[in-house]
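The values are calculated or read from the model by the stated rules, or taken from the named source; none is laboratory data. A quick note: this is a predicted structure, and the numbers were derived from the prediction, not measured. Methodologically, a virtual Cβ is constructed for each residue, glycine included, from the backbone with ideal geometry; neighbour enumeration extends over all protein chains shown.
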Amino acid sequence: MAHAATTPTSRRWPRLVATLLAVLFAAVALLSASPAHATSQVGLDDNEFQVSGIVRLDGEPLEGVRITVEGPGQSAEAITNAEGRWAIGVPERETYTVTLDESTLPEGIAVIDESGENPTPNIREATVGPSGNVPSNFFIGEGQRNTTSVGGQIVDRFFLGLNFGLLLALVAIGLSLVFGTTGLSNFAHAELVAFGAIMVLVFGVFLEFPLPLAILIALILSMAMGWANDAALWKPLRKRGVGLIPMMIVSIGLSLAGRYIYQFFIGGETRQLPFATSTQFSTDFFGLSWIDIASMLISIVVLLAVAYFLLRTRLGKATRAVSDNPALAAASGIDVDRVIRIVWVMAGGLAGLGGILWGYFRPGVSWDMGFQILLLTFAAVVLGGLGTAFGALIGSIIVGLFVEMSTLVIAADMKYVGALVVLIVVLLLRPQGLLGRKERIG
């Protein structure tokens, strides 16, 4: 008796199961790895210099006020203690930007500029001198805070969300193409994101190459890393017939190994890319800096190029064919392994570029920066539709807008949790995603 032919949809069932397990693991891992609460003293043991100060209201100390220090090689925050004191270690004798978060002050209280010359008295610069310690104290009193109207806040959040969604799309499209052509839920994609930003840090900051050259080298190395991933690991596993679940577990191990290798070489602190915190690039255009605007334009140009590749080129059409049905594509004469290799190179380059833009958006580069947006990337892919590049684009825009707009009604520290809510709702109401197709099993 003849056996029933295996349908393409039945072969996709293990891929769907793998993705759901991957998303569940991502959610649990991200929630379990929530950052520790800030303290009044941060990074003093790891750095030679420090910026410190006292926050007082009418001579009385204020506890629980958030202070952020940003500058070359440093981005950290502290919370004032019961004596109103705070201190943050910094690595160099440089000028740092000190910001007091006025939302953590009591109601009706604001930072006051007695000279009347500083329009943003809660933000100031502090230069570390020969003593190695620079004080930065804040005078607090009753006054009017610098606020933006509700309408202005909505517009600002919208453009920030759009910017975030576009850079997230660069990461999500690569992940979606890999899933579509191989069925692999690649957790190590997060480390490809971090790799791009870390390479710019190495060549642009440590080796002091010109920034455009450092970015170009980082992108080339990111594409090479994508090629090496497939050539050294994933293709041999595919040839051996390793299942998708074991391969997913391998990607988790690769992700963990990559993350701690990064930490070993660049340390645990957050470091800044060139010009990331420079005030000369600020603009009044909807809360965006010129760097943000450049990031949006770069993302749009690259995404249009990817769309042209997939829709108009012969290789792009082959990529879509492999994603739709690898067996049929191979029977049609398409070199499936070659297509997969090219997809990995593209995914590495897109992830690297997304990581560079993410390093400027945060701002800062850290060893675990890719893992911080892993859940958001999976949310975008699932929302748009598994294995669809254009679905990943739409899903990323929605997730980016949702994350930033949600800060209008919830605490900023909770905004990424919204991505998990999106995941749950989509999986319950439309498991195939916005642009995905319903699949019948059997």
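Please specify each residue of the range 223-241 satisfying the condition of being crowded, with 22+ Cβ neighbours inside 10 Å and either of a type in the set (D, E, K, R) or not assigned by TED's automatic domain parsing to the domain that holds Ala351 (or both). Asp230 - this is the single residue of the range 223-241 that is crowded, with 22+ Cβ neighbours inside 10 Å and either of a type in the set (D, E, K, R) or not assigned by TED's automatic domain parsing to the domain that holds Ala351 (or both).
When Ile334, Ile342, Ile398 are checked against the criterion of being surrounded by fewer than 24 Cβ atoms within 10 Å (Cβ to Cβ), over 24 Å from Asp230 (Cα atoms) and modelled with pLDDT of 90 or more, Ile398 stands alone in meeting it.
Among the listed residues Gln153, Gln144, which satisfies the condition of being more than 23 Å from Ser52 (Cα to Cα) and modelled with pLDDT under 70? Don't jump to the end; show me each part of the working.
On the way: Gln153 fails: modelled with pLDDT under 70.
None of the other options fit; the residue is Gln144.
Within the range 317-341, residues that are touching a residue at least 12 places away in the same chain (Cβ under 8 Å) reach partners that are surrounded by fewer than 14 Cβ atoms within 10 Å (Cβ to Cβ) and polar (S, T, N, Q) with beta carbons closer than 8 Å, at six or more positions or on different chains, in the pairs Ala321/Ser332. The single condition from (1) part of a helix (DSSP H, G or I); (2) surrounded by fewer than 19 Cβ atoms within 10 Å (Cβ to Cβ) that Leu353 fails is (2).
If we keep just the residues of the range 361-395 that are of a type in the set (Ser, Thr, Tyr) and more than 10 Å from the chain's Cα centre (by Cα), which is modelled with the highest pLDDT? Even if it seems obvious, please write down each step before you answer.
First pass over the range 361-395, keeping only residues of a type in the set (Ser, Thr, Tyr): 366, 377, 388.
Filter once more, so that each one left must be more than 10 Å from the chain's Cα centre (by Cα): 366, 388.
Working: Ser366: 88, Thr388: 84.
My answer is Ser366.
Would you mind stating whether Ser278 is buried (at least 18 other Cβ atoms within 10 Å of the Cβ), in the same structural domain as Gly196 (by TED's automatic domain parsing) and modelled with pLDDT under 95?
Numbers: buried (at least 18 other Cβ atoms within 10 Å of the Cβ): no; in the same structural domain as Gly196 (by TED's automatic domain parsing): yes; modelled with pLDDT under 95: yes.
Considered against the rule, which asks whether it is buried (at least 18 other Cβ atoms within 10 Å of the Cβ), in the same structural domain as Gly196 (by TED's automatic domain parsing) and modelled with pLDDT under 95, Ser278 comes out as no.
Selection of the range 223-249 for residues being among the small types (Gly, Ala, Ser) and assigned to a helix (DSSP H, G or I) yields Ala224, Gly226, Ala228, Ala231, Ala232. The residue of the range 250-278 that is farthest from the chain's Cα centre (by Cα), among those that are more than 16 Å from Gly355 (Cβ to Cβ) and part of a loop (DSSP other than H, G, I, E, B), is Ser278.
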